[in-house]
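Novice: Can you read through this structure? Questions will come right after.
The values are calculated or read from the model by the stated rules, or taken from the named source; none is laboratory data. Being a predicted model, the structure only gives us computed values, none of them experimental. Here the Cβ is made from the backbone with ideal geometry for all residues, glycine too, and neighbour counts use every protein chain on show. Surface accessibility is based on the protein's heavy atoms, side chains included, excluding ligands, DNA and RNA. Shrake-Rupley method; radii C 1.70, N 1.55, O 1.52, S 1.80 Å.
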Amino acid sequence: MSFNIIVAVLIEGFMSSMLEDLASKRILAETRECHRNAGSLDPLLATLANFTSPQHLRSQIDLLFDMWDVDGGGVIDFQEIKTGLTKLGYVPNIYMSDEDWGTFSQHGLFCDEYDHMDRARFQLAMRFQIDEYSQRLLANKMVQSVREENEFAPI
């Protein structure tokens, strides 16, 4: 009889260990997926997302545009944005790849025929990115809530 109890305890311990291992692997996979879906501009977007009013957001985006339009031409391009991002001082630096530029510019939708953005188009592109960032945050919080089986987790 005591042998059966020992075997039962060992099996229960083994099963518990297996379930914990599976849960850890699932959490790790979800974390990797969240990082894979993160945008290159997320650190900047996290800062911008703390606006207090629509006017505050507009002024913050305008400030970025003015900082990056170093020649004062009224338009910025991929290279000016890349250079401007490195000057913001984020650690690690924010790097925008060609693919990131395509996503940011909506594959040229927010650009003129010379692949430049004026202030209004830059505003649209940044607001679109903030919207996408907010949706990623919400989706990640929802996944976290489901994973923790807590329907009242803060979202």
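Novice: Since E80 meets every condition but one in (1) part of a helix (DSSP H, G or I); (2) surrounded by fewer than 18 Cβ atoms within 10 Å (Cβ to Cβ), which condition does it not meet?
Specialist: Here E80 meets the rest and fails (2).
Novice: Could you list, ordered by first residue, the pairs with Cβ atoms under 6 Å in which the first is in the range 46-59 and without any contact (Cβ under 8 Å) to a residue 40 or more places away in the chain and the second is surrounded by 12 or more Cβ atoms within 10 Å (Cβ to Cβ) and part of a helix (DSSP H, G or I), at least 6 apart or interchain?
Specialist: From the range 46-59, the pairs are F51/L57.
Novice: Further question on the same structure: Quick one: is A139 at pLDDT 95 or above, part of a helix (DSSP H, G or I) and at negative phi?
Specialist: So A139 fails the test.
Novice: Further, regarding this structure: Please find, within the range 107-132, the residue that is farthest from A49 (Cα to Cα) out of those that are under 20 Å from the mean Cα position of the chain (by Cα) and open to solvent by 60 Å² or more (accessible area, probe 1.4 Å).
Specialist: Top of the filtered list is H107.
Novice: Then there's this: With the condition kept exactly as written, say whether any residue in the range 63-75 is part of a loop (DSSP other than H, G, I, E, B) and at positive phi.
Specialist: Yes, there is a match, as at least one residue in the range 63-75 is part of a loop (DSSP other than H, G, I, E, B) and at positive phi.
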